[in-house]
Amino acid sequence: MSGAPGTLASLGGAPVRATFLPLARPSIGAREKQLVMETLESGWITTGPRTEELGRRIAALAGARHGLAVNSATGALHLALAALGVGPGDEVVTPAYTFVACVNVIEHVGARPVLADVEPGTLCLDPRAVERALSPRTKAVMPVDYGGQPCDHDAIGALARARGAAVVEDAAHALGARWRGRPVGSLADVTAFSFYATKNLTTGEGGAAVTDDDALAERMGLLSLHGMNRDAWKRYSDTGSWYYEVTAPGFKYNLSDVLAAIGLAQAERFEEMQRLRREHAARYDALLADVPEVRRPAAREGAVHAWHLYAVALELERLRCDRARFIQELRAENIGTSVHFIPIHYHPHFRGTLGGREGDFPVAEDAYRRAVTLPLFPDMTPRDVEDVVAAVRKVVGHYRR
Ligand SMILES: Cc1ncc(COP(=O)(O)O)c(C=O)c1O
């Protein structure tokens, strides 16, 4: 396992860029600031009308009947499992190549995470691996739309349904994506989105759960705020009542209206921000086409990619360096990058609880050895993309076999 950051290396000469280009930077404009100021001045800064409105806007964007804006995608995933009644004795199938939030929330409801490998190329949950991972205990399948590209939701949904298992889709990366003409958000029993600072639509910290199921929506709303009945947030308003009842032990996953205001402004600009992401991704694709040492992201037929990440794979067989060195060299050229993801079974905690070993998930492990995520955010310029590619070419030129 390579990957621990080391000292900066430099290939000499001036860095490709004089200033650092981060992996991601939120696009915050005049409208975000205006709506935040209005909220601060409104006297209502916790969960309120703007959070409710953001939930509705996200549901509309995602083609779902109900939307609940909460404090994170992690919270949304946890609420989904809790509302579905997933608990001790149950299993939930999720990819070995994902962010830890998926596995953490499965453990938090007392269920057992069952890891399954991803498909080569798209790095989305592999339906064939899901089939092998299913058991009579499977209560839910939690696919991840890696980087913003939808999984094969028809295949995964059919496998889950045949077992009577629910699909809780982790679409933290995938607001705005579509699968066979249908928006991500209309494909699973519950879909979770993230509004973390780097995400395609951000509130700084935040997320949402969307669903078509009235009872699930009601239950997630209840559990998101201590288990108090749905309109409890109104209890200090002129239309509210001091009286509430708790019918289940809930969580504290509500979003603040100050952050929801940022999200409402982002929702207005979402299509434009997505267009810019697509343009930058297309420019990377074109400029990297003649760099055989770098494999570009795989496109799945039938999918509209949300382009949260531009994650490439290094052809290590053609290079005299490993991924960690490659990242150090890009950093020395003032290019920020990241790695999505460290396979779940490489983390000490999950090695302990799940017992996964090196070799258990060969596609995830191979992807990790090669993975480099390049900068991608709406406000970057075509020149920024060219700088990244120039830096990649410089590093590749130095380490080419
Ligand atoms: C695949 C995936 N799922 C879930 C999350 C958690 O999102 P949040 O930070 O909104 O809880 C992330 C965060 O980056 C993610 O990448």
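DSSP beta bridges confined to the chain are antiparallel in about 60 percent of cases.
If the chain linking A197 and D231 were pulled fully straight, counting 0.36 nm for each residue of separation and taking away their Cα-Cα distance, it would gain 9.4 nm. For segment 251-335, the gyration tensor built on C-alpha atoms gives a prolate shape. Its axis ratio a/c (a ≥ b ≥ c) is at least 1.5, and a/b is the larger of a/b and b/c. Each listed q (0.10, 0.11, 0.14 Å⁻¹) maps to a log10 I(q)/I(0) for the chain, found by the Debye formula over equal Cα scatterers with no solvent: -0.67, -0.81, -1.23.
Extension gain, A289-T19: 0.36 nm per intervening residue step, less the Cα-Cα distance, totals 94.6 nm. Between segment 102-122 and segment 218-248, how many Å separate their Cα centres? Each part's Cα centre sits 31 Å from the other's. Annotation for segment 332-401 versus segment 125-184: alpha-carbon center distance of 24 Å.
Projected onto their three principal axes, the Cα atoms of segment 202-347 cover extents of 67, 38, 34 Å, largest first.
Relative to the compact globular guide of 2.2 N^0.38 Å, what is the alpha carbon radius of gyration of segment 166-283, as a ratio? It would help to have the intermediate numbers written out before the result.
On the way: Rg = 16.6 Å, N = 118, 2.2 N^0.38 = 13.5 Å.
Dividing the Cα radius of gyration by 2.2 N^0.38 Å gives 1.23.
Checking the a/c ratio against 1.5 first, then a/b against b/c, what shape does the Cα gyration tensor give for segment 1-138? Working shown, then result.
Values: a/c = 2.36, a/b = 1.06, b/c = 2.23.
Oblate is the answer for segment 1-138, as a/c is 1.5 or above yet b/c matches or exceeds a/b.
Translational diffusion coefficient of segment 93-247 (Stokes-Einstein, Kirkwood radius from Cα pairs, 4 °C, 1.567 mPa s): 78 µm²/s. Label positions at R383 and M37, each projected 7 Å from the Cα along the C-beta direction, are separated by 3.0 nm. Scoring 352-365, 95-108 by mean Cβ neighbours within 10 Å over their residues and listing the highest first yields 95-108, 352-365.
For the Cα trace of segment 283-401, dividing Rg by the Kirkwood Rh returns an Rg/Rh value of 1.00. Filter the trypsin sites (Lys or Arg not before Pro) in segment 62-135 down to the DSSP loop ones having no more than 15 other Cβ atoms within 10 Å, then list what survives. Qualifying residues, ordered by number: R65. A protection proxy built from the mean count of other Cβ atoms within 10 Å ranks the segments 333-340, 238-245, 194-201, most packed first, as 194-201, 333-340, 238-245.
Can you show me the helix-derived [θ] at 222 nm for the chain, built from DSSP H runs with n ≥ 4 at -39,500 (n - 2.57) apiece and divided by the number of residues, rounded to the nearest 500. Walk me through the numbers before you get to the answer.
Numbers: 13 runs with 149 residues, N = 401.
Mean residue ellipticity, 222 nm, calculated: -11500 deg cm²/dmol.
Read-outs: derived from the displayed coordinates by stated rules, not from any lab. Bear in mind that the values here come from a model prediction, so they are computed numbers and not experimental data. For neighbour counting, all protein chains shown are included, and Cβ atoms are generated from backbone atoms with ideal geometry for every residue, glycine included.
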